[in-house]
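The block underneath contains the structure these notes are about, expressed in structure tokens.
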Amino acid sequence: MKRSLTLLAVVIAVAAAGTGYWYVQGKQPQREGELALAGLQAPVTARYDARGVPHLQAQNEQDLYRALGYVHAQDRLFQTEIMRRLARGELAEVLGDKLLPTDTLFRSLRIREQAALMVQRQDRQAPAWIALQAYLDGVNQWQASHPKPMEFDLLGITPRPFTAEDTLSIAGYLAYSFAAAFRTEPALTYIRDQLGADYLKIFDLDWQPDGAIATPLAAADWRSLEQLARLSHEALGDAGIPQFEGSNAWAVAGSRTRSGRPLLAGDPHISFAVPAVWYEAELSAPGFNLYGYFQALNPFALLGHSRDFGWSLTMFQNDDVDLIAEKTNPANPEQVMVDGRWQTLEKTEQQIAVKGEQPVPLTLRRSPHGPIVNTVLGNSAGAAPIAMWWAFLETENPILEGFYQINRADTLGKMREAAAKVQAPGLNLVWANARGDIGWWAAARLPIRPDGVNPAFILDGSSGRADKPGFYPFSVNPQQENPASGYIVSANYQPPAVVPVPGYYNLADRGRQLDRHLNNPDIKWDTQNSQALQLDTSSDYGPRTLAPLLGTLRSVAQGDEEKELVEQLAAWRGDYPLDSTSATLFNQFLYELAFAALHDELGDTWFPILISTRAIDAALPRLAADPASPWWNLRGGNEHTDRSAIVRLAWQRSLKHLSETFGKDPASWQWGKAHTLTHNHPLGVKKPLNLLFNVGPFAAPGTHEVPNNLSAKIGPAPWPVTYGPSTRRVIDFADAGAALTINPVGQSGVPFDKHYGDQAEDYIEGRYHKARMGVIPAQSTLRLVPGN
């Protein structure tokens, strides 16, 4: 009997394994053979290369985009579904009540309503609209005719057609992802109003009462803003959705290259996830050829090149969101003071579907300045409604038409005209063509703010100073065309501008590092040294932050070993290779210094919010250099503390933490042990699903604000990398058909597919692949033919 039971168990296990195998196989993309696709006017060929990238050849543009939608869906349908749900506030329906705050936030942003308005404004005869409809039809045909992705089964997702509103909602998510105001403006206003003007000096901000709220907010209002700031920071991470963080891009004229033709390089910095951010595909039809990098549900490449031209993008990081505190009518809390009179808030009612529970009602309100974003938090909200003025909601933003034209912009004039149509989010478009031209345009609609108003703070809605009298013309946006220097570099720092362009810009260190190399007249640029520049792991940030503290560190170091560690830091050049121990020590010390100096004033809420903003990057070097800063005095202590006391405390805590985490021997504190990259799938947050869906971990070189910008949050070691280059591209227009590229994980988003994570090791080790164009050595061929 026992033997029979054992045999039965083996049979069941084998059957289960066999069933599992066929289940997984049934979900895999089909990359060879012949399939019928309704709506095609002629056959379309999809040749797949060794990385799983489809090279589509069609006889007309409409067929081309319908086929793109079809093959994009079979590789990335779950990614498309989850991004649609995030942008439209529909995640709780499939992920449960833990995503209810995220849905509430995104509903309050009014992305859904704005997407519907944008669709209404579309010209139904325009090539961009026709292309989008063909693409969506291809996506929907694949979904309707194939088994659901594995993640749909696990989460109980019922497929539904994708629409143009979904595509434009995802454009709204992109614009939100770029906005830093939700975290930064409340944090800086809190510091100004609760701590005083002296505490603003490390942020290079003057006391700016003009246009700002006249009296400090109440405690309940600050609690609601704390929640809003925290939620805006955590929302994308909780959903496993990539957030745009920064980027590098440069174009070099033929006079400065080895080939004599322009060279273009770019690596947009986006949070890591699996599936990867970009879907690569080559599109070919009569009169059109493009190797493109596509976002979910968008038929137009956001990055791309042909043999004739190409472009990359970085975040402009202009401040296109203002938070505005409204003054309420004491006799009627549904009215606010705007333009000298009480105006009634608009109110709409919605319901949020929640998995396994009753729908949750949601009341959304809107003032003339924009949506009210704090009172949606419910009972925790304060009495003061906080409105959001957001350029995405206030501009026509013909972004579909803009990127349709960018995909075809082979001259300076065409690219300039197309860039003017991208109004939100703000993007730097860096471009080159084979004829010899290079250019850069900061694409955004820049609002006119009254003189003296500083949008770094929450503004007073009753004063009239929060109002926008209009927008500047595109001609005053920062831009360059064929500069005399022979090169253009964009790295998220504040650009020179004709008009004021407030923003949440990155430090100049990364840009200076790139400029230092690109400005060298003795270097002739090619794909090889461009790769080396993209993979550079050093900048001035660490050494310049440490410089004013080295004397104190030398005085507080105890014993020969500690003194040697200080001297190693003094000699450190700010580089982050895998074997560096000084990089690990500096990173830990930077966190401990920030915590010891700032946490006592900011507490457990505002401290983590502040260190998640770009404002902290510039603030810490200024703090280190100012021995008189009030931040050095510990609040609540019996004795006055100074910079030396805080440095001593941070140093001792750093050594203690690293010893406990990596061992007492400092030689074991290697950067590659402390700094690792794991590509996380939305379902990989739960064990043991992480073993099935996530890719990694990998020891990661680089850090925040070096060219190889593999960045982690400021915090105690170890440091999981959160964002970095979402692809690396180098195109020499002497041979654009052999451009270089790499995907951080793989082309496919289908678990267990051979292209799910097949580039991850090459990526972390700094290797590239060729983005071949035209006739390629195909690994397989899928033929799509007209069907009923």
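The values are calculated or read from the model by the stated rules, or taken from the named source; none is laboratory data. Since the model is a prediction, treat every value here as computed from it, not as a measurement. Don't worry about glycine lacking a Cβ; one is built from the backbone with ideal geometry, like all the others, and counts go over all protein chains shown.
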- Task: Considering only segment 768-788, state which residues are in a loop (DSSP other than H, G, I, E, B) and in contact (Cβ under 8 Å) with a residue 12 or more places away in the chain.
- Result: Y768, M773, G774, I776, P777, A778, Q779, N788
- Note on the structure: All-but-one check, S580 against (1) assigned by TED's automatic domain parsing to the domain that holds L264; (2) in a loop (DSSP other than H, G, I, E, B); (3) buried (at least 23 other Cβ atoms within 10 Å of the Cβ), failing number (1)
- Item | helices (runs of 4 or more DSSP H) (entirely within segment 508-576) containing at least 3 residues that are within 16 Å of H704 (Cβ to Cβ) and free of Cβ contacts under 8 Å to residues at least 60 places away in the same chain | none
- Of all residues in segment 255-286 being of a type in the set (G, A, S) and surrounded by fewer than 22 Cβ atoms within 10 Å (Cβ to Cβ), which is nearest to L740 (Cα to Cα)? S259
- Query: Looking at this structure, is I448 within 30 Å of V336 (Cβ to Cβ), assigned by TED's automatic domain parsing to the domain that holds E185, touching a strand residue (DSSP E or B) at 6+ places or on another chain (Cβ under 8 Å) and crowded, with 19+ Cβ neighbours inside 10 Å?
  - Reply: no
- Note on the structure: Picked from segment 700-742 (must be free of Cβ contacts under 8 Å to residues at least 40 places away in the same chain and not assigned by TED's automatic domain parsing to the domain that holds L677), the residue nearest to the chain's Cα centre (by Cα) is I742
- Message: Return the residues of segment 104-127 that are crowded, with 20+ Cβ neighbours inside 10 Å and closer than 27 Å to A38 by Cβ; say none if nothing qualifies.
- Response: A115
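Let's see how each residue does on (1) touching a Phe, Trp or Tyr at 6+ places or on another chain (Cβ under 6 Å); (2) buried (at least 20 other Cβ atoms within 10 Å of the Cβ); (3) assigned by TED's automatic domain parsing to the domain that holds A466; (4) of a type in the set (K, R):
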site	(1), (2), (3), (4)
N289	no, no, yes, no
P299	yes, yes, yes, no
T314	no, yes, yes, no
N318	no, yes, yes, no
A325	no, yes, yes, no
P330	no, no, yes, no
P333	no, no, yes, no
V360	no, no, yes, no
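Could you tell me whether segment 683-703 includes any residue that is of a type in the set (S, T, Y), buried (at least 20 other Cβ atoms within 10 Å of the Cβ) and outside any loop (DSSP other than H, G, I, E, B)?
no
How many of the residues making up segment 463-499 are under 30 Å from V336 (Cα atoms), acidic (D, E) and under 28 Å from the mean Cα position of the chain (by Cα)? Give the steps one after another, and end with the answer.
To start, the set of residues in segment 463-499 that are under 30 Å from V336 (Cα atoms) comprises 463-472.
Of the ones still in play, those that are also acidic (D, E) are 467.
Imposing the further condition that a residue be under 28 Å from the mean Cα position of the chain (by Cα) reduces the set to none.
Residues that pass the stated criteria total 0.
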- Item | Candidates G172, G156 - the one that is closer than 20 Å to E396 by Cβ and in the same structural domain as A296 (by TED's automatic domain parsing) | G172
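Which residues, taken from segment 756-767, are in a helix (DSSP H, G or I) and without any contact (Cβ under 8 Å) to a residue 60 or more places away in the chain?
Filtering segment 756-767 for residues in a helix (DSSP H, G or I) gives 760-764.
If the condition is that a residue be in a helix (DSSP H, G or I) and without any contact (Cβ under 8 Å) to a residue 60 or more places away in the chain, then D762, Y763 are the ones that fit.
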- Among helices (runs of 4 or more DSSP H) entirely within segment 139-203, at least 1 residues that are touching a Pro at 6+ places or on another chain (Cβ under 9 Å) and over 27 Å from K27 (Cα atoms) occur in 164-178, 181-190
- Task: Take segment 129-165 and flag every residue that is over 25 Å from the mean Cα position of the chain (by Cα) and under 15 Å from E401 (Cβ atoms).
- Result: W129, I130, A131, Q133
- Note on the structure: Scanning segment 487-500 for residues that are assigned to a loop (DSSP other than H, G, I, E, B) and surrounded by fewer than 23 Cβ atoms within 10 Å (Cβ to Cβ) gives Y493, Q494, P495, P496, A497, V498, V499, P500
- Item | Residue, farthest from A508 (Cα to Cα), within segment 321-338, restricted to residues that are in contact with a Ser or Thr (Cβ under 9 Å, 6 or more places away or on another chain) and not in a strand (DSSP E or B) | K327
- Task: Looking for whichever is at pLDDT 90 or above, surrounded by 15 or more Cβ atoms within 10 Å (Cβ to Cβ) and not basic (K, R) here; the options are A87, A50, A42, A36. Which one fits?
- Result: A87
